[in-house]
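Engineer: Attaching a single structure in C-alpha cells format; questions to follow.
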Amino acid sequence: ELQDLRAYHGLDASLELVGSLAREIALEWNQVVLAEMLAGATAGNENFGTTAPSGYTQKEWDEYISRYLDKASNDIFKKRNGDMTHIIAGPDAWLKLSATFRTGTDPRSGPNPEQFAGLTLTPFMMGTAPGVKTYKTSFWAGSNTNKILVLRRGTDWSDTPYVWAPYLDYVSPVLTLPDTFNQKQGIMSRVAHQVVVGDAMATVTIGAGTGVTV
C-alpha cells in the first residue's frame with residue numbers, strides 16, 4: 001500500500017502517519033497539562049453567580065466578571081507578589097468572559113493563534129487587559145467547562161507555575177512483518193511534567209445563583 005500511495009498520489013504514508021500522530025500526541029499532552037494546572041491551582045477560587053444581584057442590571061452584572069478576574073489575580077499577588085499574566089477559560093466560561101467586554105474577542109489576532117493544539121489564543125479586542133494572554137480550551141469537560149484559570153508566569157525560574165520538559169520523541173524504523181509483508185512503525189513520547197508553584201494559579205468558577213460583589 002505504501003508503494004501505491006507514493007506512485008499514484010505522491011504521498012509518503014509514513015510521513016503522513018507520523019504527522020497525524022504528532023498532532024494526537026500534542027493534543028493528549030496539552031489535555032494532561034491543562035488538567036493538572038487546573039487541579040493544582042492553590043492561590044484561591046472565586047465563585048461568580050450568573051444572576052444579577054439587587055442594584056445591577058443583567059448586562060452590568062455580566063460585565064462585572066472582570067472584577068472577579070482582578071480578585072483572582074489579587075489572590076495570586078498576595079502569595080507571589082505579582083499579578084496574572086495568562087487567562088485560560090473553558091468553552092462555556094469563555095462565552096461569559098467575552099460578554100464582559102462589549103466588543104468581544106478577536107481570535108484572529110496575534111501571531112499563529114492556534115499554535116497549541118486544543119488551546120486557541122483569543123485576545124480581548126480594544127486593548128482590554130493589556131499584557132495578559134488569554135486562551136480558551138476545549139479540554140475541560142463537565143463542570144470544568146465553566147472554569148477560568150488565572151495564572152502568573154514570572155521572569156524567574158522559581159516563579160514558574162508548571163514545568164513540561166519533553167524528552168526526544170522516538171520514531172522506529174519501518175518494519176516489514178515477514179509473514180504478511182505488512183509494514184509497521186512505532187512512535188514513543190516521554191516527558192517530565194509537574195505543578196511547581198500552585199500558588200501562582202487561581203480559578204474563577206462560573207455557576208448558577210445570585211452574584212455577590214467583590
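The values are calculated or read from the model by the stated rules, or taken from the named source; none is laboratory data. Here the structure is a predicted model, which is why all the values come from computation and not from measurement. Counting neighbours? That spans all protein chains shown, and the Cβs are built from the backbone with ideal geometry, glycine included. These accessible areas exclude ligands, DNA and RNA; they are computed on the full protein's heavy atoms, side chains included. Shrake-Rupley method; radii C 1.70, N 1.55, O 1.52, S 1.80 Å.
Engineer: Going toward the positive end of the dipole of region 128-214, with +1 on Lys and Arg Cβ and -1 on Asp and Glu Cβ, which of His193, Thr180, Thr137 do you reach last?
Structural biologist: It is Thr137, whose Cα lies furthest towards the positive end.
Engineer: Please calculate how many Å² of accessible area region 22-105 carries per residue, with a 1.4 Å probe and no DNA, RNA or ligand atoms counted.
Structural biologist: 49
Engineer: Using a Förster radius of 45 Å, what is the FRET efficiency between Thr210 and Ala22 based on their Cβ-Cβ separation? Nearest 0.05, please.
Structural biologist: 0.45
Engineer: Given H placed 1.01 Å from N in the peptide plane, which residues other than close sequence neighbours of Val196 have an amide H under 5 Å from its amide H?
Structural biologist: For Val196, the qualifying residues are Tyr162, Val163.
Engineer: Something else about it: Whenever you get a sec, compute what percent of the accessible area on region 54-102 sits on carbon and sulfur atoms (1.4 Å probe).
Structural biologist: Solvent-exposed carbon and sulfur of region 54-102 make up 48 percent of the total.
Engineer: Can you find, among Ala41, Trp61, Ala22, the residue sitting farthest towards the positive end of the charge dipole of region 18-87, where Lys and Arg contribute +1 and Asp and Glu -1 at Cβ?
Structural biologist: Ala41
Engineer: Using a simple spin-label model with points 7 Å from Cα along the Cα→Cβ vector, what separation in nm is obtained for Lys79 and Thr50?
Structural biologist: 2.8
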